[in-house]
1. Would you check if there is a residue in the stretch 52-73 being assigned to a strand (DSSP E or B), at negative phi and touching a residue at least 24 places away in the same chain (Cβ under 8 Å)?
2. If I ask for residues that are in contact (Cβ under 8 Å) with a residue 60 or more places away in the chain and either buried (at least 23 other Cβ atoms within 10 Å of the Cβ) or of a type in the set (V, I, T) (or both), which ones from the stretch 89-111 would you list?
3. Kindly indicate the residue of the stretch 120-156 that is part of a helix (DSSP H, G or I) and open to solvent by 60 Å² or more (accessible area, probe 1.4 Å) and also modelled with the highest pLDDT among those meeting that condition.
4. Which is among the β-branched types (V, I, T) and open to solvent by 40 Å² or more (accessible area, probe 1.4 Å), of T117, T82, T76, T61?
5. A179 passes all but one of (1) open to solvent by less than 40 Å² (accessible area, probe 1.4 Å); (2) assigned to a helix (DSSP H, G or I); (3) closer than 26 Å to S53 by Cα; (4) not basic (K, R); which number fails?
6. Based on this model, can you work out whether R116 counts as out of contact with any Gly (no Cβ under 6 Å at 6 or more places or on another chain) and over 30 Å from A162 (Cα atoms)?
7. Within the stretch 15-36, how many residues are open to solvent by less than 20 Å² (accessible area, probe 1.4 Å) and not β-branched (V, I, T)?
Amino acid sequence: MIRVVIAEDQKMVLGALSALLELEGDIKVVGRAADGGEALELVRAEKPDVLISDIEMPYLTGIDVATRLKADGAATRVLIVTTFGRPGYLRRAMEAGVKGYLLKDGPSSVLAAAVRTVAAGGRAIAPELSEAIWDAQPDPLTDREREILRLAEEGRSNKDIADILDLSPGTVRNYLSEAAQKLGAANRVEAGRIARSNGWL
């Protein structure tokens with residue numbers, strides 16, 4: 001029996017994925033998480049064979065969760081199921097140790113097959129994305145720049161970001177300036193847009 005945790009912040013999608021997988025005789029859903037933080041806790045507690053995760057979720061992204069599990073040396077393999085087919089996301093996911101990457105608009109039979117492949121130690125990449133990884137530009141952002149750009153993208157001021165991250169507003173300004181320079185952006189809004197469109201946020 002393949003034990004699975006599913007992480008998805010959209011309740012209807014979470015329920016649908018769970019219901020589809022429960023129809024499979026060899027797959028058991030042992031946990032469902034609505035955000036990245038909850039997913040990390042569930043995986044650490046349940047130790048499933050596979051974590052099926054969306055990318056964009058509150059608290060931690062699916063890629064952030066995969067990175068932390070890799071750092072933990074966890075045996076759980078991560079399968080990303082997302083709407084984002086951008087090469088930058090795929091490249092970051094692979095660097096984080098993700099073993100599978102599927103798009104949500106694929107057929108449900110592909111998901112069960114991918115879970116089996118990933119659980120057995122293989123890789124499962126959506127065919128339409130398998131060549132895209134070679135076209136992906138390397139992510140120029142540091143983790144801290146990415147974190148600050150995400151908060152800026154939410155409309156937070158430098159002072160708000162500084163308070164959240166326990167930094168000075170000047171340090172936040174410097175990180176935003178460095179990120180904008182790396183991306184060839186005129187300002188923080190453009191930097192966020194460029195980073196998002198390349199899959200770096």
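The values are calculated or read from the model by the stated rules, or taken from the named source; none is laboratory data. Fair warning: this is a prediction, and the values are worked out from it, not measured in the lab. For neighbour counting, all protein chains shown are included, and Cβ atoms are generated from backbone atoms with ideal geometry for every residue, glycine included. For accessibility, only protein heavy atoms count, side chains too; no ligands or nucleic acids. Shrake-Rupley method; radii C 1.70, N 1.55, O 1.52, S 1.80 Å.
1. Within the stretch 52-73, the first condition is being assigned to a strand (DSSP E or B), and the residues that meet it are 52-53.
Filter again for at negative phi, leaving 52-53.
If we keep only those that are touching a residue at least 24 places away in the same chain (Cβ under 8 Å) too, we end up with 52-53.
Checked against the condition, which is being assigned to a strand (DSSP E or B), at negative phi and touching a residue at least 24 places away in the same chain (Cβ under 8 Å), the stretch 52-73 yields at least one hit.
2. Keep residues of the stretch 89-111 that are in contact (Cβ under 8 Å) with a residue 60 or more places away in the chain, which gives 89-92, 104, 108, 111.
Within the stretch 89-111, Y89, L90, R92 meet the criteria.
3. Applying the first criterion (part of a helix (DSSP H, G or I)) to the stretch 120-156 yields 127-129, 132-135, 143-153.
Cutting the leftovers down to open to solvent by 60 Å² or more (accessible area, probe 1.4 Å) gives us 127-128, 134-135, 143-144, 147, 153.
Details: P127: 75, E128: 73, W134: 61, D135: 65, D143: 88, R144: 93, E147: 90, E153: 88.
This residue is R144.
4. On the way: T82 fails: open to solvent by 40 Å² or more (accessible area, probe 1.4 Å); T76 fails: open to solvent by 40 Å² or more (accessible area, probe 1.4 Å); T61 fails: open to solvent by 40 Å² or more (accessible area, probe 1.4 Å).
It is T117.
5. A179 satisfies all of (1) open to solvent by less than 40 Å² (accessible area, probe 1.4 Å); (2) assigned to a helix (DSSP H, G or I); (3) closer than 26 Å to S53 by Cα; (4) not basic (K, R) except (3).
6. Values: out of contact with any Gly (no Cβ under 6 Å at 6 or more places or on another chain): yes; over 30 Å from A162 (Cα atoms): yes.
Spelling it out, R116 is indeed out of contact with any Gly (no Cβ under 6 Å at 6 or more places or on another chain) and over 30 Å from A162 (Cα atoms).
7. 5
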